[in-house]
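Peer 1: Following this message is one structure expressed as structure tokens.
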Amino acid sequence: MSHHIIMNKDLFPDIYEGIKEFEMRVYINEVQHYQDNDTVTIEDEMTRSFFTAVITRVNYFCSIDDAFEIYDYKKFVPYAMSKEEAKKLYEKIPNFKEEAINQGVLVFKLTRISELIE
């Protein structure tokens, strides 16, 4: 199956370069079907440049805190100085905090499989 996500302009290059290995999304309808070996087109929110990645690992967690207990927060937000800072950055996303509390989060590892298309 293939999917499409739009990535924050600040984190898009880090996913492309493999510095940001994991993405976290609220567990809502769109991401409930993500599975290992699915492809994802990742698009920069500002430039509309994109590339393709493959999902190599998928895990559901009840909360951001649970995800950060298993995975190093730097794999999500490479330049965060603490777990708390990484969590706050996710919680700045509109409705993320409330929806994550109610729905949980899906964590997936991305491996780039194409070059950047501008």
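The values are calculated or read from the model by the stated rules, or taken from the named source; none is laboratory data. These numbers come from a predicted model, not from an experiment. Here the Cβ is made from the backbone with ideal geometry for all residues, glycine too, and neighbour counts use every protein chain on show.
Peer 1: Kindly indicate whether Leu89 is closer than 14 Å to Met7 by Cα and aliphatic (A, V, I, L, M).
Peer 2: yes
Peer 1: Can you pull out the residues in segment 58-71 that are of a type outside the set (Asp, Glu) and either within 19 Å of Glu17 (Cβ to Cβ) or part of a helix (DSSP H, G or I) (or both)?
Peer 2: Answer for segment 58-71, where residues must be of a type outside the set (Asp, Glu) and either within 19 Å of Glu17 (Cβ to Cβ) or part of a helix (DSSP H, G or I) (or both): Ile64, Ala67, Phe68, Ile70, Tyr71.
Peer 1: Step by step: first the residues of segment 72-95, then only those that are in a helix (DSSP H, G or I) and within 18 Å of Glu45 (Cβ to Cβ), then the one that is farthest from the chain's Cα centre (by Cα). Which residue is that? Please lay out each step first, then the result.
Peer 2: Taking segment 72-95 as the starting set, the residues that turn out to be in a helix (DSSP H, G or I) are 73-75, 83-91.
Adding the requirement that they be within 18 Å of Glu45 (Cβ to Cβ) leaves 89-90.
On the way: Leu89: 12, Tyr90: 10 Å.
Within segment 72-95, the match that is farthest from the chain's Cα centre (by Cα) is Leu89.
Peer 1: Are any residues in segment 79-96 surrounded by 16 or more Cβ atoms within 10 Å (Cβ to Cβ) and out of contact with any Leu (no Cβ under 7 Å at 6 or more places or on another chain), and if so, which ones?
Peer 2: Listed by number, the residues that qualify are Lys83, Ala86, Lys87, Leu89, Tyr90, Phe96.
Peer 1: Output the number of residues of segment 96-118 satisfying the condition of being more than 17 Å from Asn59 (Cβ to Cβ), in a loop (DSSP other than H, G, I, E, B) and modelled with pLDDT of 95 or more. Give the steps one after another, and end with the answer.
Peer 2: First pass over segment 96-118, keeping only residues more than 17 Å from Asn59 (Cβ to Cβ): 96-99, 101-102, 112-118.
When the remaining residues are screened for being in a loop (DSSP other than H, G, I, E, B), the result is 113-116, 118.
Checking which are modelled with pLDDT of 95 or more leaves us with 113-116.
Qualifying residue count for the region: 4.
Peer 1: Please go through segment 12-31 and give me each residue that is in contact with a helix residue (DSSP H, G or I) (Cβ under 9 Å, 6 or more places away or on another chain) and within 22 Å of Ala100 (Cα to Cα), ordered by number.
Peer 2: Of the residues in segment 12-31, the ones in contact with a helix residue (DSSP H, G or I) (Cβ under 9 Å, 6 or more places away or on another chain) are 19-28.
Answer for segment 12-31, where residues must be in contact with a helix residue (DSSP H, G or I) (Cβ under 9 Å, 6 or more places away or on another chain) and within 22 Å of Ala100 (Cα to Cα): Lys20, Glu21, Phe22, Glu23, Met24, Arg25, Val26, Tyr27, Ile28.
Peer 1: Is there a residue in segment 51-59 that is over 13 Å from the mean Cα position of the chain (by Cα) and within 29 Å of Glu118 (Cβ to Cβ)?
Peer 2: Checked segment 51-59: at least one residue is over 13 Å from the mean Cα position of the chain (by Cα) and within 29 Å of Glu118 (Cβ to Cβ).
Peer 1: Looking only at segment 30-57, which residues are of a type in the set (Ser, Thr, Tyr) and either assigned to a strand (DSSP E or B) or more than 12 Å from Leu106 (Cβ to Cβ) (or both)?
Peer 2: Initial filter on segment 30-57 (of a type in the set (Ser, Thr, Tyr)): 34, 39, 41, 47, 49, 52, 56.
Answer for segment 30-57, where residues must be of a type in the set (Ser, Thr, Tyr) and either assigned to a strand (DSSP E or B) or more than 12 Å from Leu106 (Cβ to Cβ) (or both): Thr39, Thr41, Thr47, Ser49, Thr52, Thr56.
Peer 1: May I ask you to list pairs of residues, at least six apart or on different chains, whose Cβ atoms are under 6 Å apart, with the first in segment 79-97 being in contact (Cβ under 8 Å) with a residue 12 or more places away in the chain and of a type in the set (A, V, I, L, M, F, W, C) and the second being surrounded by 12 or more Cβ atoms within 10 Å (Cβ to Cβ) and in a helix (DSSP H, G or I)?
Peer 2: Ala86/Tyr73; Phe96/Tyr90
Peer 1: So which residues in segment 16-31 are farther than 21 Å from Glu91 by Cβ and surrounded by 12 or more Cβ atoms within 10 Å (Cβ to Cβ), if there are any at all?
Peer 2: Those that are farther than 21 Å from Glu91 by Cβ and surrounded by 12 or more Cβ atoms within 10 Å (Cβ to Cβ): Tyr16, Ile19.
Peer 1: Kindly check whether there is at least one residue in segment 21-29 that is of a type in the set (Phe, Trp, Tyr) and either part of a loop (DSSP other than H, G, I, E, B) or farther than 14 Å from Leu110 by Cα (or both).
Peer 2: Start the filter on segment 21-29 by keeping residues that are of a type in the set (Phe, Trp, Tyr), which leaves 22, 27.
Going one step further and asking which of them are either part of a loop (DSSP other than H, G, I, E, B) or farther than 14 Å from Leu110 by Cα (or both), we end up with 27.
Yes, segment 21-29 contains a residue that is of a type in the set (Phe, Trp, Tyr) and either part of a loop (DSSP other than H, G, I, E, B) or farther than 14 Å from Leu110 by Cα (or both).
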